1. So if I check each of Asn193, Asn186, which one is outside any strand (DSSP E or B), assigned by TED's automatic domain parsing to the domain that holds Val247 and either in contact with a strand residue (DSSP E or B) (Cβ under 6 Å, 6 or more places away or on another chain) or more than 14 Å from Thr227 (Cα to Cα) (or both)?
2. Would you point out the residue of region 174-188, among those that are buried (at least 17 other Cβ atoms within 10 Å of the Cβ) and out of contact with any Lys or Arg (no Cβ under 7 Å at 6 or more places or on another chain), that is farthest from Phe208 (Cα to Cα)?
3. Select, from Asn108, Asn171, the only residue that is assigned by TED's automatic domain parsing to the domain that holds Val322 and either in contact (Cβ under 8 Å) with a residue 24 or more places away in the chain or of a type outside the set (Asp, Glu) (or both).
4. From the list Val73, Val66, which residue is hydrophobic (A, V, I, L, M, F, W, C), over 15 Å from Val126 (Cβ atoms) and either modelled with pLDDT under 90 or touching a helix residue (DSSP H, G or I) at 6+ places or on another chain (Cβ under 9 Å) (or both)?
5. Every residue in region 318-332 that is touching a residue at least 60 places away in the same chain (Cβ under 8 Å) and closer than 16 Å to Arg291 by Cβ, please.
6. Regarding region 336-345, can at least one residue be identified that is touching a helix residue (DSSP H, G or I) at 6+ places or on another chain (Cβ under 7 Å), surrounded by 15 or more Cβ atoms within 10 Å (Cβ to Cβ), of a type in the set (D, E, K, R) and outside any loop (DSSP other than H, G, I, E, B)?
7. Give the residues of region 146-168 that are buried (at least 16 other Cβ atoms within 10 Å of the Cβ) and touching a residue at least 60 places away in the same chain (Cβ under 8 Å), sorted by residue number.
Amino acid sequence: MFKEGVLRKILRINFVIIASLLPAVTTIARNDDVVILKNGDRLTGEIRGLQNGELKFFSGYMAESVRLDWTKVERLESKSTFMIFLVDGKLFTDVIRLLPSNSGQVANFVIGGKHESARVQQVDVVRILLADARFFKRLEGSVDFGLNFTSGNDQYSTELLATATYRTGSNAFTGSIDSSFSGQHNGTSTRRNQFNFDYRKQLTPRWFAGGVVDFLRSDQQSLSLRTSLGGLLGRNLKQTEGTRFAVFGGIVGNREKYSATTDHPQSTNLDALTGVDFATFRFSRTDFRSRVSLFPSLTTPGRTRVQATSNFRLRIATDLWVGFHLYENFDSKPPVRADKNDLGISTSLSWIF
């Protein structure tokens, strides 16, 4: 039997634990957001955000979050504070409401409570994030993995592509890994590894500035490592709920080390940078993203490099897609006797989050 003093201590500890967990339980159980669809369906729960034309919604009676077509939402009410990104690049942090409308030309999306900050059309809203969301809740990205094997010649290849973006206010941080490996049993093998970190700061509704850090290894081009660091300035030419198109330019310095025999295995170069970003997606069907970067050398006359990546995905389940990935690295004047071109195409299973 417990002594009275010990029992009191146990009860006191249990009370402290329950009291400390109560706010978390209350947060998890929040179900005061309302979404009404154009077909009359009414959902009560928690709005998790808007991305790629999909409104993410969760309720206690759901096994997992559901994604709703943003164009099919008729009405929305929430007391939570969100970060709202508009097609013209403007950013607001406030409460939101969506009012019923029979016309797509009516400014029926209300930002703000009693003192409205703005009224815009529903299609002008491209992204919604919870203002108080934790780090992992703000991440958006994808993971792709592909594996091929041929028994006739024991040839195999793998492809791993992972990308994640973190947004806070007008800042966006994106990291990506692109790794491929191919070979044969008792034969030669080749690999290609690339890591890229990209930072974007929205200066005005249309203009942005940022920086890029890139590491590339390519056995195909006898490149042991290329380290690139640079800055850029860009402009959003088009940004709608389904399509984004931007151009950018800047200066990049890089340090190269080659594995092939040469009198100068390492070199430092300065390149100009110009490129385009393009993305388009359709609700619950397709997702296409592409980036092409051109690097005319400022230190080696006549040398131009091209880096390009493209991803096309088709949805086959809630978060599962089948993907087609293409990468291209071209060097018009490599400093060693190596292939000018490193091109790869692969298929994979994709998870977009």
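1. Details: Asn193 fails: outside any strand (DSSP E or B).
After ruling out the rest, the residue left standing is Asn186.
2. Here is the first cut: in region 174-188, the ones buried (at least 17 other Cβ atoms within 10 Å of the Cβ) are 174, 176, 178, 180, 182.
This time we only want the ones that are out of contact with any Lys or Arg (no Cβ under 7 Å at 6 or more places or on another chain), so: 174, 176, 178, 182.
Numbers: Thr174: 15, Ser176: 20, Asp178: 25, Ser182: 38 Å.
Per the stated criteria, the residue is Ser182.
3. Details: Asn108 fails: assigned by TED's automatic domain parsing to the domain that holds Val322.
Only one candidate qualifies: Asn171.
4. Numbers: Val73 fails: over 15 Å from Val126 (Cβ atoms).
Testing whether each residue is hydrophobic (A, V, I, L, M, F, W, C), over 15 Å from Val126 (Cβ atoms) and either modelled with pLDDT under 90 or touching a helix residue (DSSP H, G or I) at 6+ places or on another chain (Cβ under 9 Å) (or both) leaves just Val66.
5. Gly323, His325, Tyr327, Asn329
6. First pass over region 336-345, keeping only residues touching a helix residue (DSSP H, G or I) at 6+ places or on another chain (Cβ under 7 Å): 338-339, 342.
Applying the additional criterion that residues be surrounded by 15 or more Cβ atoms within 10 Å (Cβ to Cβ) yields 338-339, 342.
Right, trim to of a type in the set (D, E, K, R) and you get 339, 342.
From what's left, outside any loop (DSSP other than H, G, I, E, B): 342.
Yes: region 336-345 contains one or more residues that are touching a helix residue (DSSP H, G or I) at 6+ places or on another chain (Cβ under 7 Å), surrounded by 15 or more Cβ atoms within 10 Å (Cβ to Cβ), of a type in the set (D, E, K, R) and outside any loop (DSSP other than H, G, I, E, B).
7. The answer is Gly146, Ser157, Glu159, Leu161, Arg167.
Residues checked against (1) modelled with pLDDT under 95; (2) part of a loop (DSSP other than H, G, I, E, B); (3) within 21 Å of Thr174 (Cβ to Cβ):
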position	(1), (2), (3)
Leu237	yes, no, yes
Gly249	no, no, yes
Ala260	yes, yes, no
Asp271	no, no, yes
Val276	no, no, yes
Leu294	no, no, yes
Tyr327	yes, no, yes
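The values are calculated or read from the model by the stated rules, or taken from the named source; none is laboratory data. Given the structure is predicted, the values throughout are model-derived calculations rather than measurements. Cβ coordinates were reconstructed from backbone atoms using ideal geometry, including for glycine residues, and neighbour counts include every protein chain displayed.
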